[in-house]
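A.B. asks: One structure coming up, written as structure tokens, with questions to follow.
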Amino acid sequence: MHSIFKPTLVIDKTKCLNNIGIMVGKAKGLGIPLRPHFKTHQSLEVGQWFRAYGIDRIAVSSVPMANYFATDGWDDITIALPFVPQQSSAADELAKRVNLTILASTVNAAYEISQRISGNINVMLEIDTGHGRSGFNPLDSNGIEAAIHHIVTNENITFTGFLTHAGHSYRAHPIEIEELNLRAFAFVVDLKRRWIERFPSISASYGDTPTSVLANSFEGIDELRPGNFVFFDMQQASRGVCNTSSIAVALVCPVIAVSADECKAVIWGGAVHLSKDSFLQPDGKISFGAVCNVISDLSWSSPIDGLYLESVSQEHGVIRAKNSQLLRNLKEGDLVAILPAHSCLTADTMGEYFVIGQGIVESFRKRMLY
Ligand code: PLP
């Protein structure tokens, strides 16, 4: 077995390719281009796996992350986070090499963009279709009109439409998703319909993992933008979006203390590795990760019934067992695999992967540290 001497984020490439293939197949079946959000994996290597499936457009979170993927030939990039004016000159520079789209989510942001950007850049308006995070209220016609007005005063900028992330799908029960989805995407499709006469090439960009996986109708949407599906995680599994067998990453952790009598084991694997995100188990208890056995090639078993990651502090994770018997065979120096609650955050904090059968693969986060 590859020697593991610290918490290590392992990718099961077979599962990952399967997740990519299913989403690519679904988007193809719907006739909607897929623009996967690469902030989940942040890795050139994993990006190449997408390219092998014909993906040619991506979403990222910042100009530096866009630059990172541009070095590997990605040339159609949307920064799907409201634009940070301080990144204007870097965006201008990048726009000389790639087809770059940025987002405005307030009238003032649209004004700042119009004043500061001098490169050939596309701007979309972010619409809040129920998530409550950022974006225009879809019914705020005056605000939307004012923002578009600012954008088009800059001749270098092209207004390219409306984008939304229906993040409230994470709060919905699977049976509510189809209806939530219909309501959410209707807002951006409707806005596109209203503005298309004046701007004939505008589009409606939409996407999150729960709706992309569970919903079936996306009529009028021009691109789908999910990200998490590449790895999935326990938040998705606990909400019925995926099975635990589809989760393509696990944090392999050394066991540092076992107290079977106290039904407790401590691992080196805490908040700095997994993040502090959690999920709800069927019994209502909060968990920070599902506990699995590590198998010889660093792959992992299905979650062990009766064990869960009860708490995380900076470096430590505490595994709680339903009964002491479940810990009898575990000892200090063993390895366990933790399926993360939220793989995007775990991938970000870890900054590199061990790909089964391949070895260490860096990500953007790791590069940022140098
Ligand atoms: N688009 C935007 C604007 C997002 O913020 C996110 C995730 O936060 C995504 C797409 C991808 O959604 P998910 O992580 O549910 O796949």
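A.B. asks: Considering only residues that are in contact (Cβ under 8 Å) with a residue 12 or more places away in the chain and part of a loop (DSSP other than H, G, I, E, B), look in the stretch 283-298 and name the one that is surrounded by the most Cβ atoms within 10 Å (Cβ to Cβ).
C.D. replies: 288
A.B. asks: Collect the residues in the stretch 313-351 that are among the charged types (D, E, K, R) and more than 16 Å from the chain's Cα centre (by Cα), keeping them in residue-number order.
C.D. replies: Hits for the stretch 313-351 are 315, 320, 322, 328, 331, 332, 334.
A.B. asks: Test each condition in (1) in contact with a Lys or Arg (Cβ under 6 Å, 6 or more places away or on another chain); (2) in contact (Cβ under 8 Å) with a residue 60 or more places away in the chain for residue 310 and report the one that comes out false.
C.D. replies: Result: residue 310 fails condition (2) only.
A.B. asks: Which members of the stretch 146-181 meet the condition of being out of contact with any His (no Cβ under 9 Å at 6 or more places or on another chain), in a strand (DSSP E or B) and open to solvent by less than 50 Å² (accessible area, probe 1.4 Å)?
C.D. replies: 157, 159, 160, 161, 162, 163
A.B. asks: Here's a follow-up. Scan the stretch 78-94 and report the pairs whose first residue is at pLDDT 95 or above and whose second residue is open to solvent by 20 Å² or more (accessible area, probe 1.4 Å) and away from the ligand (no atom under 16 Å from the Cβ), with Cβ atoms within less than 6 Å and a gap of 6+ or a chain change.
C.D. replies: 88/116; 92/118; 94/67
A.B. asks: I would also like to ask the following. Within the stretch 173-196, track down each residue that is within 16 Å of the ligand (Cβ to nearest atom), free of Cβ contacts under 8 Å to residues at least 60 places away in the same chain and of a type in the set (A, V, I, L, M, F, W, C).
C.D. replies: 177, 180, 184, 185
A.B. asks: Among residues belonging to the stretch 115-125 that are assigned to a loop (DSSP other than H, G, I, E, B) and without any contact (Cβ under 8 Å) to a residue 40 or more places away in the chain, point out the one that is surrounded by the most Cβ atoms within 10 Å (Cβ to Cβ).
C.D. replies: Filtering first and then ranking leaves 119.
A.B. asks: Suppose we keep only residues that are within 19 Å of residue 21 (Cα to Cα), assigned to a loop (DSSP other than H, G, I, E, B) and among the β-branched types (Val, Ile, Thr) within the stretch 197-251. Which one would you say is farthest from the ligand (Cβ to nearest atom)?
C.D. replies: Here the answer is 247.
A.B. asks: Among the residues in the stretch 206-213, are any charged (D, E, K, R), in contact with a strand residue (DSSP E or B) (Cβ under 8 Å, 6 or more places away or on another chain) and modelled with pLDDT of 95 or more?
C.D. replies: Here is the first cut: in the stretch 206-213, the ones charged (D, E, K, R) are 208.
From what is left, the residues that are in contact with a strand residue (DSSP E or B) (Cβ under 8 Å, 6 or more places away or on another chain) are none.
Within the stretch 206-213, none of the residues are charged (D, E, K, R), in contact with a strand residue (DSSP E or B) (Cβ under 8 Å, 6 or more places away or on another chain) and modelled with pLDDT of 95 or more.
A.B. asks: List the residue pairs whose Cβ atoms are under 6 Å apart, where the first residue sits in the stretch 347-370 and is on the phi > 0 side of the Ramachandran plot, the second is open to solvent by less than 80 Å² (accessible area, probe 1.4 Å), and the two are 6 or more positions apart or on different chains.
C.D. replies: Pairs that qualify, where the first residue is on the phi > 0 side of the Ramachandran plot and the partner is open to solvent by less than 80 Å² (accessible area, probe 1.4 Å), are 351/363; 351/366.
A.B. asks: Determine, yes or no, whether residue 169 is among the small types (Gly, Ala, Ser) and within 16 Å of the ligand (Cβ to nearest atom).
C.D. replies: So residue 169 fits the description; yes.
A.B. asks: Look at the stretch 2-61 and say how many of its residues are within 24 Å of residue 217 (Cβ to Cβ), away from the ligand (no atom under 16 Å from the Cβ) and among the small types (Gly, Ala, Ser).
C.D. replies: 5
A.B. asks: Which condition breaks for residue 90 when tested against (1) within 13 Å of the ligand (Cβ to nearest atom); (2) open to solvent by 10 Å² or more (accessible area, probe 1.4 Å); (3) among the hydrophobic types (A, V, I, L, M, F, W, C)?
C.D. replies: (1)
A.B. asks: Does residue 103 satisfy being out of contact with any helix residue (DSSP H, G or I) (no Cβ under 7 Å at 6 or more places or on another chain) and either in a helix (DSSP H, G or I) or open to solvent by 50 Å² or more (accessible area, probe 1.4 Å) (or both)?
C.D. replies: No, not satisfied.
A.B. asks: Give the stretch 1-57 a look and list any residue that's open to solvent by less than 30 Å² (accessible area, probe 1.4 Å), in a loop (DSSP other than H, G, I, E, B) and aromatic (Phe, Trp, Tyr), or say none.
C.D. replies: 38
A.B. asks: Quick check: anything in the stretch 207-229 of a type outside the set (S, T, N, Q) and within 16 Å of residue 292 (Cβ to Cβ)? Quick ask: steps written out before the conclusion?
C.D. replies: As a first pass, look at the stretch 207-229 and keep what is of a type outside the set (S, T, N, Q): 207-208, 210, 213-215, 218-227, 229.
Filter once more, so that each one left must be within 16 Å of residue 292 (Cβ to Cβ): none.
Within the stretch 207-229 (the criterion being of a type outside the set (S, T, N, Q) and within 16 Å of residue 292 (Cβ to Cβ)), the answer is no, since none of the residues qualifies.
A.B. asks: Within the stretch 126-155, count every residue that is in contact with a Gly (Cβ under 9 Å, 6 or more places away or on another chain), hydrophobic (A, V, I, L, M, F, W, C) and touching a residue at least 40 places away in the same chain (Cβ under 8 Å).
C.D. replies: Result for the stretch 126-155: 1.
The values are calculated or read from the model by the stated rules, or taken from the named source; none is laboratory data. None of the values given here were measured: they were computed from a predicted structure. Note: ideal-geometry Cβ built from the backbone for every residue, glycine included; neighbour counts use all protein chains shown. Quick note on the areas: whole protein, heavy atoms, side chains included, nothing else; ligands and nucleic acids left out. Shrake-Rupley method; radii C 1.70, N 1.55, O 1.52, S 1.80 Å.
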